[in-house]
C-alpha cells in the first residue's frame, strides 16, 4: 500500500506583506510553516484559510497579536519531526539527537537547503519586501513516509504591493 505524499508549504519574513503569488504557491499544502517576521496577525489568518499553520515569532514580531507566538515550535508530518525557529542562532540543543529530521528557519532572507549531520535545514527566504538583491521566495517539503524532498521557489514578482 503506497503512502500518501504530504506537502508542507514554507514561508518566512513576510514583514506584513502577503503576496498573492505566495498564497497561490501555498494553496494545496497539507500544512504551512511560517518561520517568523510575520508582520501582523492578518497574514496568519489568511494562511490558516489554506491549511493548518505552525508559526514562530521573529525578532520583528511585536505587539499584542504576536504575544501568543512561541520563539520555536514543532510539528510532525507523517513520520517526520520538523523544528521551526526564526534564527538558527537561537537553537541551543542537538536537533538530531532530539529526533528532528528538518529545521525550518528564516531571518537571513537567503533561501537555502542544506543537510548537516542527518538534519535537513531549510530557509525558504523572504516572501515579503525585497532585501538587497535577494529573491522573493517560498518553499515546500514533500514528505512520503520518512523520505523528504525540499524545494525552493522564486516568486515571479515586481516591487512589494
Can you find even one residue in the stretch 144-154 that is at pLDDT below 95 and either out of contact with any strand residue (DSSP E or B) (no Cβ under 8 Å at 6 or more places or on another chain) or closer than 25 Å to residue 16 by Cα (or both)? yes
Residue count, the stretch 42-55 (criterion: more than 15 Å from the chain's Cα centre (by Cα) and assigned to a loop (DSSP other than H, G, I, E, B)): 1
In the stretch 11-41, which residue that is assigned to a helix (DSSP H, G or I) and closer than 23 Å to residue 72 by Cβ is farthest from the chain's Cα centre (by Cα)? 41
Considering 48, 24, 71, which residue is modelled with pLDDT of 95 or more, within 17 Å of residue 137 (Cα to Cα) and surrounded by fewer than 16 Cβ atoms within 10 Å (Cβ to Cβ)? 24
For the stretch 113-147, enumerate the residues that are in contact (Cβ under 8 Å) with a residue 40 or more places away in the chain, surrounded by fewer than 21 Cβ atoms within 10 Å (Cβ to Cβ) and closer than 20 Å to residue 26 by Cα. 129, 142, 144
State which residue is surrounded by the fewest Cβ atoms within 10 Å (Cβ to Cβ) when the search covers only the stretch 51-68 and only residues that are out of contact with any helix residue (DSSP H, G or I) (no Cβ under 8 Å at 6 or more places or on another chain) and within 20 Å of residue 125 (Cβ to Cβ). 59
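The values are calculated or read from the model by the stated rules, or taken from the named source; none is laboratory data. Quick caveat, the model's predicted, so the values are computed rather than measured. Note: ideal-geometry Cβ built from the backbone for every residue, glycine included; neighbour counts use all protein chains shown.
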